[in-house]
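Here's the structure we're looking at; comments come further down.
The values are calculated or read from the model by the stated rules, or taken from the named source; none is laboratory data. Here the structure is a predicted model, which means the values were calculated and not measured. A quick note on method: Cβ atoms are made from the backbone with ideal geometry, for glycine too, and the neighbour counts reach across all protein chains shown.
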Amino acid sequence: RPPYPRPPYLRAAGRRSRGSDVVNHSTATGATMTYEIRVAGHLDDHWATWLDTLSLVRHADGTTVLTGSLADQAQLHGLLARIRDLGAPLLFVSTVDSPRPARRPVQPAPVLTARVCTERLTLRPASEDDADATWEYRRLPSVGEWLAQLPTDLTSYRSTFVEPERLATTVVVERLGHVVGDLMIRVEDAWAQAEVTADAKGAQAELGWALDPARSGQGYATEAVRGLVTYAFTDLRLHRVVASCFLANDRSWRLMERLGMRREGHAFGESLHRSGQWLDTVTYAVRATEWPPVLDRSLATRPGSRARAAS
């Protein structure tokens, strides 16, 4: 019978056994290893049982690859001896790494990275614990009428609220430690021609808001959104912020106008309301170069920023 070939391509990562070129893979642990063995020629399937029931795959290049788990080095040596007895030239022996555990998805960082204080309010990054407090007013018909998704029950609302992407873009508005509303700030790329696409990445933000109707009429919404716009231009260094709403939601677009935002678009019958009606929508925006250094006395100032950051 032909002599057992001495494969020069087997490289020992650990200590070699005497007279063997097969890697000694820390058999002291007793861990089962999965091997891939390639031989020249095509082996018939009926040899699989004799070869420790390894799977046989024949390739177009005229080789056969045997794959399977072996208990220890002794079983591996026995298998290689049987391959030698078949007269099949051994080409390669390697171990197959165990599948790596799936990586946990990267949690997006909050857009608002620190508390921002205005004269009466505190804006802070949302947490999972804020779901119940925001549910209390978001479930109200007067608020839900204009929301993109109407909350139906607290359990499903909690699941939606804690989604990583939503949580990262949500800002909670507090008055003396009590939640009075929440804002949304989503940083996005501005449109650009191909040659300057990189300069437009993360250059603008879309804003949204919902406040507790029980707190209406006190200027909290205007003060909170103004503080967030100031943060967007001063701390995030954005070029532009934009917001949209149904035309019928006059409280929302009047707030934008109080802030000095400009109506840039009016789409007629563009958006389908859950009532079944196609409603008009309006879009407002303001650029950093149009945002005055101090808009009113409701914003406390600090060097380099028009909204005071609190630790």
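Couple of notes before you dig in:
- The set of residues from the stretch 135-180 being of a type outside the set (A, V, I, L, M), more than 23 Å from Arg251 (Cα to Cα) and either in contact with a strand residue (DSSP E or B) (Cβ under 6 Å, 6 or more places away or on another chain) or assigned to a helix (DSSP H, G or I) (or both) comprises Thr155, Ser156, Tyr157, Arg158, Ser159, Thr160, Phe161, Pro164, Glu165, Arg166.
- Residue in the stretch 185-202 that is in contact (Cβ under 8 Å) with a residue 24 or more places away in the chain and among the charged types (D, E, K, R) present: yes
- Failed item, numbered, when Ala300 is tested on (1) at pLDDT 95 or above; (2) part of a loop (DSSP other than H, G, I, E, B): (1)
- Hits in the stretch 160-174 - residues which are of a type in the set (D, E, K, R) and buried (at least 17 other Cβ atoms within 10 Å of the Cβ): Glu174
- Condition check for Asp85: part of a helix (DSSP H, G or I) and either of a type in the set (S, T, N, Q) or out of contact with any Pro (no Cβ under 6 Å at 6 or more places or on another chain) (or both): yes
- Contacts under 7 angstrom Cβ, first residue in the stretch 36-52 being under 18 Å from Gly78 (Cβ atoms), partner assigned to a loop (DSSP other than H, G, I, E, B), 6 or more apart: Glu36/Val96; Val39/Ala88; Val39/Pro89; Leu43/Ala88; Ala48/Leu54
- Criterion (outside any loop (DSSP other than H, G, I, E, B), in contact (Cβ under 8 Å) with a residue 24 or more places away in the chain, more than 27 Å from the chain's Cα centre (by Cα) and farther than 20 Å from Glu136 by Cα) met by exactly one of Thr230, Thr222: Thr222
- Unique residue being crowded, with 16+ Cβ neighbours inside 10 Å and among the polar types (S, T, N, Q) when the list is Gln193, Gln204, Gln218: Gln204
- Yes/no for Arg186 being under 27 Å from Glu136 (Cα atoms), of a type in the set (Lys, Arg), within 20 Å of the chain's Cα centre (by Cα) and not in a helix (DSSP H, G or I): yes
- Every pair of residues 6+ apart whose Cβ atoms lie under 6 Å, when the first sits in the stretch 116-130 and is touching a residue at least 12 places away in the same chain (Cβ under 8 Å) while the second is assigned to a loop (DSSP other than H, G, I, E, B): Val116/Ala307; Thr118/Ser298; Thr118/Leu299; Glu119/Ser298; Pro125/Pro110; Pro125/Leu112; Glu128/Val162
- Long-range neighbours under 8 Å by Cβ, at least six apart or interchain, first residue within 15 Å of Val180 (Cβ to Cβ) within the stretch 137-154, second of a type in the set (Gly, Ala, Ser) and part of a helix (DSSP H, G or I): Tyr137/Ala214; Arg138/Gly144
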